[in-house]
Amino acid sequence: MTYKIRGRRFEEFDVGEEFTTACRTITESDVVTFAGLSGDFNPIHMDREFADNTPLKGRVAHGMLIESIATGLGNQLGIFEGTTIAVLSMTINYKGPVKFGDTIHLRLKVTEKKETSKPDRGIVMFQTDVLNQKDEIVIDGQWVVMMARKGE
């Protein structure tokens with residue numbers, strides 16, 4: 001059986017087009033697992049007593065964990081599957097905390113497209129917003145992605 005590409009190609013994205021992902025609830029297990037993988041055991045993530053006495057009044061998820069989950073949510077849309085050549089950059093701006101039990105989703109908006117010197121690829125820029133269950137933006141930024149073009 002041959003793999004069938006589901007993703008969109010460069011020409012199939014329109015500037016201004018928006019995509020919204022499914023939601024994902026952040027658990028204590030997510031944070032503990034990420035701490036083990038990353039080695040980031042900062043007490044704001046791991047120590048309830050410490051975190052309760054900070055301005056955030058409780059433990060929060062790692063910002064990079066939330067961005068990592070956002071990339072997974074974006075991939076679940078199917079628009080990148082098999083057509084992404086490379087992620088060239090990600091800009092990440094942390095706007096608010098994500099606490100255990102918060103539910104997030106990702107909103108992507110195509111902001112720009114650029115031709116490249118190679119005919120088999122193009123660059124697509126996406127405004128990214130990670131929102132919580134209150135529709136508050138907790139992370140915003142930009143993804144710059146090199147996408148395959150349609151074959152001749």
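In terms of packing, defined here as the mean over residues of other Cβ atoms within 10 angstrom, the peptides 130-136, 49-55, 34-40 line up highest first as 130-136, 34-40, 49-55. With P(r) over Cα pairs in 10 Å bins from 0, in percent as the read-out, I listed [x] 11, 36, 29, 17, 7, 1, 0; [y] 9, 21, 12, 9, 8, 8, 9, 10, 8, 5, 1, 0; [z] 9, 23, 20, 18, 15, 10, 4, 0; which label goes with the value calculated from this structure? Read-out from the structure maps to [x].
Each Lys and Arg Cβ is given +1 and each Asp and Glu Cβ -1; about its Cα centre, segment 97-152 then shows a dipole of about 220 debye.
Toward the positive end of the charge dipole of the chain, with +1 on the Cβ of Lys and Arg and -1 on the Cβ of Asp and Glu, the farthest Cα among L65, P119, V32 is that of P119. Once the C-beta distance of N42 and Q127 is scaled by a Förster radius of 35 Å, the resulting FRET efficiency is 0.75 to the nearest 0.05.
A straight line joining the Cα centroids of segment 31-77 and segment 1-24 runs 28 Å. Normalised by 2.2 N^0.38 Å, where N is the number of residues, the C-alpha radius of gyration of segment 22-81 stands at 1.29. The residues neighbouring I123, those whose beta-carbon lies less than 12 Å from its own, together hold a net charge of +3 under the Lys/Arg +1, Asp/Glu -1 convention. Label positions at K113 and E18, each projected 7 Å from the Cα along the C-beta direction, are separated by 2.0 nm. Think of each Lys and Arg Cβ as +1 and each Asp and Glu Cβ as -1; about the Cα centre, that makes the dipole of segment 10-148 roughly 200 debye. Out of K95, K118, K109, any idea which swings most in a Gaussian network model of the chain, alpha carbons joined below 10 Å? Highest fluctuation of the listed residues: K118.
Any read-out appearing in this document is the output of simple, stated calculations on the displayed coordinates, not a laboratory observation. On a predicted model such as this, the values are computed, not experimentally measured, just so you know. So basically every Cβ, Gly included, is an ideal-geometry build from the backbone, and we count neighbours across all protein chains shown.
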